[in-house]
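The values are calculated or read from the model by the stated rules, or taken from the named source; none is laboratory data. Note that this is a predicted model, so its numbers are computed, not measured. All Cβ positions, glycine included, derive from the backbone under ideal geometry; neighbour counts span all protein chains shown. To get the accessible areas, we keep the full protein, side chains included, count just its heavy atoms, and leave off ligands, DNA and RNA. Shrake-Rupley method; radii C 1.70, N 1.55, O 1.52, S 1.80 Å.
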Amino acid sequence: MGDNPSRSENATAGDLGVTGRHARGAGTGVSPRSYEEPPFGGGGALPKKTRFGMEAGFKGLSVAAGAMVLVIIVAIAVFLISKAVPAINADTENFLTYKSWFPNDTEPKFGIAVLAFGTVLTSIIALLVAVPIALGIALFLSHYAPKRLATPLGFVIDLLAAVPSVVFGLWGRDVFLEPVRNFSLWLNEYFSWIPIFGGDGPFGRSVLLGSLVLAIMVLPIVTSLSREVFMQTPGMNEEAALALGATKWEMVRTAVLPYGKPGVIAAVMLGLGRALGETIALALTLGVVFNISFNIIENGGNSIAANIANSFGEANETGRGALIASGLVLFAITLVVNMAARAIIYRRREFRDSAA
Amino acid sequence: MAKRIEASNVSSYYGSFKAIDSVSMVVEPKTITALIGPSGCGKSTFLRSINRMHEVLPNARIEGSLRIDEQNIYDPDVDVTAVRRLIGMVFQRPNPFPTMSIYENVVAGLKLNGVKKKSLLDDAAEQSLKSANLWNEVKDRLGRPGAGLSGGQQQRLCIARTIAVEPQVVLMDEPCSALDPISTLAIEDLMFKLKDRFTIIIVTHNMQQAARVSDKTGFFSIDKTGDPGRLIEYDDTQKIFSNPTEKKTEDYITGRFG
């Protein structure tokens, strides 16, 4: 007590018309040491702020970490553009529309159209297949399954995310190919009047196979993120819906799904990011044909990343530049997708923010 | 519009833990009944047993019988969603749906019950908000988020949402405990107004509130932690607060315990 005179003592001193310092020295028996280092709240001069402490150090570290992201991004962009521009200049055809890839010839001819189309097509089909299933699993895990089942099942789903993509690729090519080929034959027999299921074969190493493998790879990300957001639904909102006479499914529709929507969109975008950038699984499963076709069951299909993996080995200087240019296009596609997703989330921010 | 609630020997459990023991009481239509008692004495559990919200929690169950106008609420053939539509509930903390506008919040219950016609929904929203004394404050911003209102307004929004489905009974679980005195007064005024149409049962920690608003008061208590809560005394509010029969009740309302 003696070392730390309380504020009220100083207040009393003030009332008596004496300064805090005098009152303290005279009245409360402070040890001499505390004159040199005034304790907190003890009146006297305010302690000086520390000039170089943990605060400043940590602030510096975090600023440096933040700046590093920018530096890395700029460095990558400079590298990509510096390699891509000469190759595109050497291209004797239109880079955006030409439908073939011969960058290693003496007169390089290459275009991104087929690859970009294939990338977007496989990713979209993969998401169309994966997202409904993933949301179903997520809802089951978060709201329907008994806890004893939900925990191990969630773990299995996460395990699926840990399988390396090359394993998925090999599995798709050696195991999954047969069932998909049979399924494609069946689709072709009964639904060939729908253009996407038409054609005369051969079937199997198709956009369908690649997309389905992609779907399986995207599934765990979308599932576990969606499960997280569904589980964060405030219990009191679920109770509010139930107390209004909602059935379980109505409760999910009223309280859980709207609340989780921004999170689900983010999860889907992350899944799309993975699908767009997936390389080796598609390099192993797609038929590698250079044409733009909506037919998803005939041998064929190609994607930017798969093409890079397949042709980097035998590429010359211009060839590598052409592949880097294609990577730049992939980067642009991903950027557009991400910005679109953010725009969707941003539109309803008023509701999300006021909920927080 | 209002119905009678009759509980006889209701015991509620959470798994093997008995939360309330053998509660019997009759709540007459168009009255306000207050349930008071120390924390953990089972008043909220009893309240949630009345509209079968108790069983939402895992392993929760009840014994005994609860009737609404002679129909058994816990009859195995009864649709639990119908019970909850008949017996609405307002919760301790205001819980408007955060993703919905004020308007959508009010009509959420009606939409769940299949009402789709815009004119019907509009009428119901206006009527319910007027009944909840909120219409004048929000009529110009029905499209704004419900969660953007103040706490007291949110709670009145939740009351509007509850009465929009025209229940017979309204249960209120400490509806004012998260609100300031002015908002509390607004809710109490509202309760007097709603009494003409609904049977109201309110759990409250605020004894002045119980004395102010209720016609009858039930006092719950427990002997010690871990014991089930019991209904010690249930009588006219006037009698409970002036001349209670039980010593325990008197001790509690005079502040000597709890």
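Checking the cross-link pairs B:130/B:239; B:43/B:239; B:195/B:248 against a 26 Å limit on the alpha carbon distance flags B:130/B:239; B:195/B:248 as lying beyond it. A straight Cα-to-Cα reach below 14 Å connects residue B:224 with the aspartates and glutamates B:21, residues fewer than 8 places away in its own chain not being considered. Screening chain A for whole DSSP H helices of 30 Å or more along their axis (Cα) with average Kyte-Doolittle hydropathy at least 1.0 returns A:54-90, A:113-139, A:207-231, A:317-347. Protection proxy ranking, highest mean first, for peptides B:193-199, B:167-173: B:167-173, B:193-199, where packing is the per-residue count of other beta-carbon atoms within 10 Å, averaged. Computed over the stretch A:232-356, relative contact order equals 20 percent, with contacts defined as Cα pairs under 8 Å that lie 6+ residues apart. Each of A:275, A:305, A:207 was placed along the dipole of the stretch A:101-355 (beta-carbon charges, centred on the mean Cα), and the one lying farthest toward the positive end is A:275.
Inverting the mean 1/r over all pairs of different Cα atoms, compute the Kirkwood radius of the stretch B:41-114 and quote it in Å.
Kirkwood hydrodynamic radius for the stretch B:41-114: 14.1 Å.
Peptide A:244-255 has a mean of 6 when you count, residue by residue, the C-beta atoms of other protein chains within 10 Å of its C-beta. The dipole here belongs to the stretch A:221-298: it is taken about the Cα centre, uses +1 on the Cβ of Lys and Arg and -1 on the Cβ of Asp and Glu, and is about 40 debye.
Let me know the mean shielding of B:73-86 by other chains, meaning the per-residue number of their Cβ atoms within 10 Å of its Cβ. Please list the in-between numbers first.
On the way: counts 0, 0, 0, 0, 0, 0, 2, 3, 8, 1, 1, 6, 4, 1.
Counting other chains' Cβ atoms within 10 Å and averaging over B:73-86 gives 2.
Annotation: peptides A:330-336, A:55-61, ranked by per-residue average of other Cβ atoms within 10 Å with the highest first, follow the order A:330-336, A:55-61.
P(r) for the stretch A:95-189, from all Cα pairs and a bin width of 10 Å, is 12, 23, 30, 22, 8, 4, 0 %, short bins first.
Sorted largest first by accessible area at a 1.4 angstrom probe radius, with every protein chain in place, the residues A:324, B:187 fall in the order A:324, B:187. Pairs of lysines in chain A whose Cα atoms sit within less than 28 Å of one another amount to 8, provided the residues are eight or more positions apart or on different chains. Over all projection directions, the Cα-based convex hull of the protein assembly as shown averages an area of 43.6 nm². FRET efficiency for the pair residue B:115 and residue A:45, taken as 1/(1 + (r/R0)^6) with r the Cβ-Cβ distance and R0 = 56 Å, rounds to 0.20. Placing unit charges on each Cβ (+1 for Lys and Arg, -1 for Asp and Glu) gives the protein assembly as shown a dipole about its Cα centre, and among A:287, A:263, A:54 the Cα reaching farthest toward its positive end belongs to A:54. Per-residue shielding of B:143-149, expressed as the average number of other chain Cβ atoms within 10 Å of the residue Cβ, stands at 4. Chains B and A together bury roughly 2200 Å² of accessible surface, counting both sides and using a 1.4 Å probe on protein heavy atoms.
Antiparallel as a % of all DSSP beta bridges within the protein assembly as shown, to the nearest 5?
On the way: 28 of 46 bridges.
Roughly 60 percent of the DSSP beta bridges within the protein assembly as shown come out antiparallel.
Each peptide in A:181-189, A:145-153, B:210-218 gets a packing score, the mean of other Cβ atoms within 10 Å over its residues, and the list from highest to lowest is B:210-218, A:181-189, A:145-153. Computed in the context of the full set of protein chains, the accessible area of chain A at 1.4 Å probe radius has 67% of its extent on carbon or sulfur. Under the simplified labelling scheme, the residue B:71-residue A:67 pair shows an inter-label distance of 7.2 nm, with each label point 7 Å from Cα along Cα→Cβ. Modelled label positions at residue A:347 and residue B:254, each set 7 Å beyond Cα in the direction of Cβ, lie 6.6 nm from each other.
After finding the eigenvalues of the alpha carbon gyration tensor for the stretch A:101-355, what semi-axes result from the square roots of 5 times each, listed largest first in whole Å?
38, 22, 16
Hydrophobic, long helices, defined as DSSP H runs whose alpha-carbon span along the helix axis is 15 Å or greater and whose mean Kyte-Doolittle value is at least 0.5, occur in chain B at B:102-112, B:181-194.
Over the stretch B:5-253, consider all pairs of different Cα atoms and compute the Kirkwood hydrodynamic radius from their mean reciprocal separation; express it in Å, one decimal.
On the way: mean 1/r = 0.0539 Å⁻¹.
Its Kirkwood hydrodynamic radius stands at 18.6 Å.
Among B:205, B:54, A:143, the sequence by solvent-accessible area, most first, with a 1.4 Å probe is B:205, A:143, B:54.
Inter-part distance, the stretch B:51-107 to the stretch A:223-245, computed on C-alpha centroids, equals 16 Å.
Could you tell me which trypsin sites (Lys or Arg not before Pro) in the stretch B:1-53 are loop residues by DSSP with no more than 16 other beta carbons within 10 angstrom of their beta carbon? Don't jump to the answer; show the numbers that get you there.
Working: sites: B:3, B:4, B:18, B:30, B:43, B:48, B:52; in loops: B:3, B:4, B:30, B:52.
Within the stretch B:1-53, the qualifying trypsin sites (Lys or Arg not before Pro) (loop, at most 16 other Cβ atoms within 10 Å) are B:30.
Basic side chains Lys and Arg get +1 at the Cβ, acidic Asp and Glu get -1 at the Cβ, and with that the dipole of the protein assembly as shown about its Cα centre reaches some 820 debye. Diffusion coefficient (Stokes-Einstein, Kirkwood radius over C-alpha pairs, 10 °C, 1.306 mPa s) for the stretch A:224-313: 98 µm²/s, rounded to a whole number. In this simple spin-label model, placing a label point 7 Å from the Cα along the Cα-to-Cβ direction at both residue A:156 and residue B:180 gives a separation of 5.4 nm. When the stretch B:5-253 is described by a simple charge dipole with +1 on each Lys and Arg Cβ and -1 on each Asp and Glu Cβ, the residue from B:37, B:66, B:168 located farthest towards its positive end is B:168.
Between residue A:178 and residue A:228, how high is the FRET efficiency from 1/(1 + (r/R0)^6) when r is the Cβ-Cβ distance and R₀ = 35 Å? Nearest 0.05. Display every interim value, and only then the final one.
Values: r = 36 Å, r/R0 = 1.03.
It comes out at approximately 0.45.
Suppose every K and R has +1 on its Cβ and every D and E has -1 on its Cβ; what is the size of the dipole of the stretch A:101-355 about the Cα centre, in Debye to the nearest 20?
Numbers: 17 positive and 17 negative charges, 155 e Å.
The dipole magnitude comes to about 740 debye.
Taking only the C-alpha atoms of the stretch B:3-148, Rg followed by Dmax gives 17.7, 51 Å.
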